[in-house]
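The values are calculated or read from the model by the stated rules, or taken from the named source; none is laboratory data. Bear in mind the structure is a predicted one, so any value in this text is a computation, not a measurement. Cβ coordinates were reconstructed from backbone atoms using ideal geometry, including for glycine residues, and neighbour counts include every protein chain displayed.
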């Protein structure tokens, strides 16, 4: 596409426009706009989509969910407040740590309908 744009711009510039304004003077602006659009669709848009998914996951945290923290610890949510949750780690009932919701990377809901086999 850029080669077509270069050919188009050189053809219009070499045609001898009497007023002095040609597409060649706007070429840097066109390139900047194209680079800006590529930057938006390759980097910014996916990042916003990932942030929305993360916000939805954090807002859906409930008591009893198994979570993975950013430091790599697995635990179970004991209490949920506005910005802070209390997570219980391991089988020791005394190991309860308050942490920010943003420190959660994964949430696994408990199995409510477990199949009972003999």
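Residue 35 meets each of the listed conditions (1) touching a helix residue (DSSP H, G or I) at 6+ places or on another chain (Cβ under 6 Å); (2) without any contact (Cβ under 8 Å) to a residue 12 or more places away in the chain apart from (1).
Of the helices (runs of 4 or more DSSP H) lying entirely inside the chain, those containing at least 2 residues that are at pLDDT 90 or above and touching a strand residue (DSSP E or B) at 6+ places or on another chain (Cβ under 9 Å) span 45-59.
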